[in-house]
């Protein structure tokens, strides 16, 4: 099943929950595992939170969330048109943060650990795009493994 969705919403804290809930609802017809849903939910939360805090700071801007599904591969893109990142490689280092009062510098590390692939592109003054990919195994494979263990 191929499918797509795009959501555009303001960079406000309550929309973090909205974004992760929308992505999970989008994936439910594929019957993903609970672990897959938790991984994706966490990665989306981190990406949207980064856009709110680092992309826009104290201002309200627009976040675009795109999900593309090709067979069992989900591609999630979170984009903002905020401040941008001057050194993406440095920003992706564990524990690096420009706002220690608001986070611990693990956002990109968390996203990368829960997804199969993470790509970050950014331009100062133009915004940032975080692209995450994950291949879903689904409940069927998990159930088959459980049946094999019972034998």
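Computed from the coordinates by the stated procedures, all read-outs in this text should not be read as laboratory data. Bear in mind the structure is a predicted one, so any value in this text is a computation, not a measurement.
Rule-of-thumb check for the range 1-53: C-alpha Rg over 2.2 N^0.38 Å?
1.16
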Could you tell me how far the Cα centroid of the range 27-76 sits from the Cα centroid of the range 1-23, in Å?
7 Å
Gain in length, residue 86 to residue 21, computed as 0.36 nm per residue apart minus the alpha-carbon separation, to one decimal in nm?
20.3 nm
Tell me whether the range 3-143 comes out rounded, prolate or oblate; compute the Cα gyration tensor, take square roots of the eigenvalues as a ≥ b ≥ c, and use a/c under 1.5 as the rounded threshold.
prolate
